[in-house]
Amino acid sequence: MTTERQIASNRINARKAKGPKTKKGKLRSSKNAFKHGLSLPVLHDAKLSKRTGAIARAMVQEDLSEQNFEAACLAAEAYLEIEKVREVHKSITNSAFVHLSEIQKMQEGGVAQSPGSDEDSHWKEFGAYLVQLRRLSRYERRAGFRWRKAIKLVELGGM
């Protein structure tokens, strides 16, 4: 059983962990999703919007009831969101491997390692790519949740 002390402690911690506090932090945080275009819904892109309809029709095939088609559209949107996130993930991963190979070439070439060297800056950039990949996981989780929820609706025959 949770004690009053634990509940009070949880409330205090929750108040502390509500995101950035400064204007600069809030501004930076607000731009995170725009960096790779992941904040835009799939339907705002004309090509993806057409694909959404095609995927939805393929999912429901003969049962074109309005409710079932709407559920299939939600599933198709989530599927395309997952695709978008994976494309960004692939791009960042490729860039990270380029930096990693540059570091390896430096090490094989016997470049002297001194503080502030090129190798140090490459390692910092590589670390930044890892941070970006970790942040992307949030978008993939959200799209995956929407996908599973929409698929259940399609299986049940609509909304």
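Residues in region 20-30: is at least one touching a helix residue (DSSP H, G or I) at 6+ places or on another chain (Cβ under 8 Å) and modelled with pLDDT under 85? Taking every residue of region 20-30 in turn, at least one turns out to be touching a helix residue (DSSP H, G or I) at 6+ places or on another chain (Cβ under 8 Å) and modelled with pLDDT under 85. If we scan region 41-51, do we find a residue that is modelled with pLDDT of 70 or more, more than 20 Å from ALA143 (Cα to Cα), outside any loop (DSSP other than H, G, I, E, B) and not basic (Lys, Arg)? Within region 41-51, not a single residue is modelled with pLDDT of 70 or more, more than 20 Å from ALA143 (Cα to Cα), outside any loop (DSSP other than H, G, I, E, B) and not basic (Lys, Arg). Filtering region 117-152 to residues that are farther than 17 Å from GLU83 by Cα and hydroxyl-bearing (Ser, Thr, Tyr) leaves SER117, SER121, TYR129. Checked against the criterion of being modelled with pLDDT of 80 or more, among the charged types (D, E, K, R) and under 14 Å from the mean Cα position of the chain (by Cα), the candidates GLU70, GLU81, GLU77 yield just one match: GLU81. Across region 96-112, the qualifying residues are those that are touching a helix residue (DSSP H, G or I) at 6+ places or on another chain (Cβ under 6 Å) and not hydrophobic (A, V, I, L, M, F, W, C), and the one among them that is surrounded by the fewest Cβ atoms within 10 Å (Cβ to Cβ) is GLU102. One residue stands out among those in region 129-159 that are of a type in the set (Gly, Ala, Ser) and surrounded by 13 or more Cβ atoms within 10 Å (Cβ to Cβ): the one that is farthest from ALA78 (Cα to Cα), which is GLY158.
Being under 20 Å from ARG138 (Cβ atoms), charged (D, E, K, R) and either part of a helix (DSSP H, G or I) or out of contact with any Leu (no Cβ under 9 Å at 6 or more places or on another chain) (or both) narrows it down to one residue among GLU70, GLU62, GLU83; which is it?
Numbers: GLU70 fails: under 20 Å from ARG138 (Cβ atoms); GLU62 fails: under 20 Å from ARG138 (Cβ atoms).
On inspection, the qualifying residue turns out to be GLU83.
The values are calculated or read from the model by the stated rules, or taken from the named source; none is laboratory data. All figures in this text were calculated on a predicted structure; none of them were measured in a lab. Note: ideal-geometry Cβ built from the backbone for every residue, glycine included; neighbour counts use all protein chains shown.
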